[in-house]
Amino acid sequence: MTMRRSIQTACVVLLAAAAGWLAHDRWARAPGAEAQPAAAGPCPGGAQPSYWKAPMDPTYIRNEPGKSPMGMDLVPVCPGSAEAQPTGTVSIDPAMVQSMGVRSAVVGHRDLARRIRTVGRVTYDERRVAHVHTKVQGWVERLRVEYEGQAVRRGQPLLEIYSPELVSTQEELLVAARYRDATRQSPFPDVSRGGDALFEATRRRLELWDIREQDIEHLLESGEIHKTLTLYAPTSGVVTHMTVRDGMEVAPNDNLYTIADLSRVWVHADVYEYELPWVAASQRAAVELSYMPGVRFEGEVTYVYPFLDPKSRTARIRIELANPEGTLKPDMYANVTIETEIRPQVLAIPEEAVIRSGTRSLAIVALGDGRFEPRDVELGIDSGDGWLEVREGLRHGERVVTSGQFLIDSESKLQEAVQKILAQEPAAGTPPPEHDRAHDAHAMPAGEHDRAHDAHAMPAGDHDRAPGTHVHPPSAPVEE
């Protein structure tokens, strides 16, 4: 019985020892069961902070702990945090990114084209404008075209002019014709040639005065001298200017009529400087009148003028239009739309993704995982419908921020400024500047200013007495 009890006791002891060994082994293998080394810094894992900053002033930073100007403890900025990223890079919590409403777009290639809208003014085709002058001095005998705006045809009589010089030249032509006929059978060649030369010179004079060939032949055949000279319209069109009336004396330098052919007209439109790279000759253009909705006149850009208006800073372009029915009248205002050429497969980004500072253009690139990087970009053409060409600074497939980029850019500038300040901060243990050491050399030893202050201090309670109360020093003790 005693042996059996001894065996049972030994089994219980062995089982207890085995259970204790297993529990100890499991505890030893458990995570965190081993003793952790003492933390060397305030950051996770004992890391040293990148720098220290004031909690109420992010621009007040130091390389070691201390107090802010407001008397608050400096806060450590740990490595890997949003504020300790490389210069310019910003890290934002994804939840914060969503609450800020940050949106992005992919940088890619696309066809860019620009539709230029401007205002134009209808004017005359300068190649279809003619001026009527007389080449002899005289007086108006009869007007055939009597008012401005009257339509005329080419060769239509305009007016009749009486000119004494014209009458005398006609008489000279008749005399020269008779002299030519009389000397034609002369045995002397010089005489016959002289008659021919005189006739041709007189006839040539009438031709230069715009006397028609049939009128000259009629004069030679009939011998009847015409008192007046008839002027004819040199082109078909509309009389736009008229300075002559019945009985007026006219001279060769007088502009009697101005006739314009309105079957084709020009439209002069103004284009801003930044739109000029898109405009070129031979482009199609459409002209619309505000009081004729739905009616479009198709034309072509035929010329881009090589100078700008110094006041409006615009360049003039010319559009030619057919106007067979005369609907377009000079000095009308019209809305002009120019269809420019397509620039194929241009690397482009949305216009709202660009931050313009006047001297540079920035785009905020989304790097993923809440990280953003401001980047300088070189821009090209502007399509006018929200897309900009990118020449340098971005690659195909990258993402750029299109909303909320101003907040990210301001945070990036703040962190960049912090990095610059850190670069200028003296390292720990660096001796103070010369002016600080000089100040310390002349400083009062510690405690001296306190003792000096105590020597001149007011006795306790004096400041509580009423004004005018005299304080008598205590009397000296009386020796007994």
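The values are calculated or read from the model by the stated rules, or taken from the named source; none is laboratory data. Keep in mind it's a predicted model, so treat the numbers as computed, not measured. Cβ sites come from the backbone with ideal geometry, for glycine too, and all protein chains shown count toward neighbours.
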| note | Leu256 vs (1) touching a helix residue (DSSP H, G or I) at 6+ places or on another chain (Cβ under 8 Å); (2) farther than 26 Å from Ala113 by Cβ; (3) aliphatic (A, V, I, L, M): all pass except (1)
| Of all residues in region 221-238, how many are out of contact with any Pro (no Cβ under 8 Å at 6 or more places or on another chain) and either without any contact (Cβ under 8 Å) to a residue 40 or more places away in the chain or assigned to a strand (DSSP E or B) (or both)? | 7
| task | Can you work out which of the residues in region 253-305 that are of a type in the set (D, E, K, R) and under 11 Å from Ile338 (Cβ atoms) is surrounded by the most Cβ atoms within 10 Å (Cβ to Cβ)? | result | Glu275
| message | Looking for something surrounded by 15 or more Cβ atoms within 10 Å (Cβ to Cβ) and under 17 Å from Thr134 (Cα atoms) - is there at least one such residue anywhere in region 171-183? | response | no
| said: Criterion first (touching a Gly at 6+ places or on another chain (Cβ under 8 Å), part of a helix (DSSP H, G or I) and among the small types (Gly, Ala, Ser)) does Ala177 satisfy it? | reply: no
| Given (1) of a type outside the set (Val, Ile, Thr); (2) free of Cβ contacts under 8 Å to residues at least 24 places away in the same chain; (3) not in a loop (DSSP other than H, G, I, E, B), index of the condition Ser282 fails | (3)
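Just to be sure, is Thr228 outside the structural domain of Asp309 (by TED's automatic domain parsing), of a type in the set (Val, Ile, Thr) and at pLDDT 90 or above?
Considered against the rule, which asks whether it is outside the structural domain of Asp309 (by TED's automatic domain parsing), of a type in the set (Val, Ile, Thr) and at pLDDT 90 or above, Thr228 comes out as no.
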| field | Unique residue being under 50 Å from the mean Cα position of the chain (by Cα) and either within 30 Å of Val119 (Cβ to Cβ) or touching a residue at least 24 places away in the same chain (Cβ under 8 Å) (or both) when the list is Ala269, Ala251 | value | Ala269
| query | Which condition breaks for Val267 when tested against (1) among the aliphatic types (A, V, I, L, M); (2) modelled with pLDDT of 90 or more; (3) closer than 30 Å to Leu394 by Cβ? | reply | (3)
| query | Restricting attention to region 298-318, and to residues there that are hydroxyl-bearing (Ser, Thr, Tyr) and in a strand (DSSP E or B), which single residue is nearest to Val119 (Cα to Cα)? | reply | Thr314
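Okay, residues lined up against (1) without any contact (Cβ under 8 Å) to a residue 12 or more places away in the chain; (2) crowded, with 19+ Cβ neighbours inside 10 Å; (3) touching a helix residue (DSSP H, G or I) at 6+ places or on another chain (Cβ under 8 Å):
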site	(1), (2), (3)
Ile116	no, yes, yes
Arg121	no, no, no
Val140	no, yes, no
Leu143	no, no, no
| For region 180-220, which residues satisfy the criterion of being over 30 Å from Glu160 (Cβ atoms) and either within 60 Å of the chain's Cα centre (by Cα) or in a helix (DSSP H, G or I) (or both)? | Asp181, Ala182, Thr183, Pro189, Asp190, Val191, Ser192, Arg193, Gly194, Gly195, Asp196, Ala197
| said: Just to be sure before I move on: is Arg356 surrounded by fewer than 15 Cβ atoms within 10 Å (Cβ to Cβ), within 28 Å of the chain's Cα centre (by Cα) and closer than 30 Å to Arg103 by Cα in the structure I sent? | reply: yes
| Taking Pro330, is it outside any strand (DSSP E or B) and touching a residue at least 24 places away in the same chain (Cβ under 8 Å)? | yes
| Options Val390, Val365; residue that is surrounded by 14 or more Cβ atoms within 10 Å (Cβ to Cβ), at pLDDT 85 or above and within 23 Å of Gln98 (Cβ to Cβ) | Val365
| Can we say Glu64 is of a type in the set (D, E, K, R), surrounded by 10 or more Cβ atoms within 10 Å (Cβ to Cβ) and modelled with pLDDT under 70? | no
| message | For region 368-397, give me each residue that is under 13 Å from Val107 (Cβ atoms) and in contact (Cβ under 8 Å) with a residue 60 or more places away in the chain. | response | Trp387, Glu389, Val390, Leu394, Arg395, His396, Gly397
| said: Within region 290-319, take every residue that is of a type in the set (S, T, N, Q) and under 15 Å from Val267 (Cβ atoms) and give me the one that is modelled with the lowest pLDDT. | reply: Ser290
| Among the residues listed as Arg316, Arg356, the single one being of a type outside the set (Val, Ile, Thr) and outside the structural domain of Trp278 (by TED's automatic domain parsing) | Arg356
| query | From Arg193, Arg184, Arg204, Arg178, which residue is under 30 Å from Leu256 (Cβ atoms), among the basic types (Lys, Arg) and without any contact (Cβ under 8 Å) to a residue 40 or more places away in the chain? | reply | Arg204
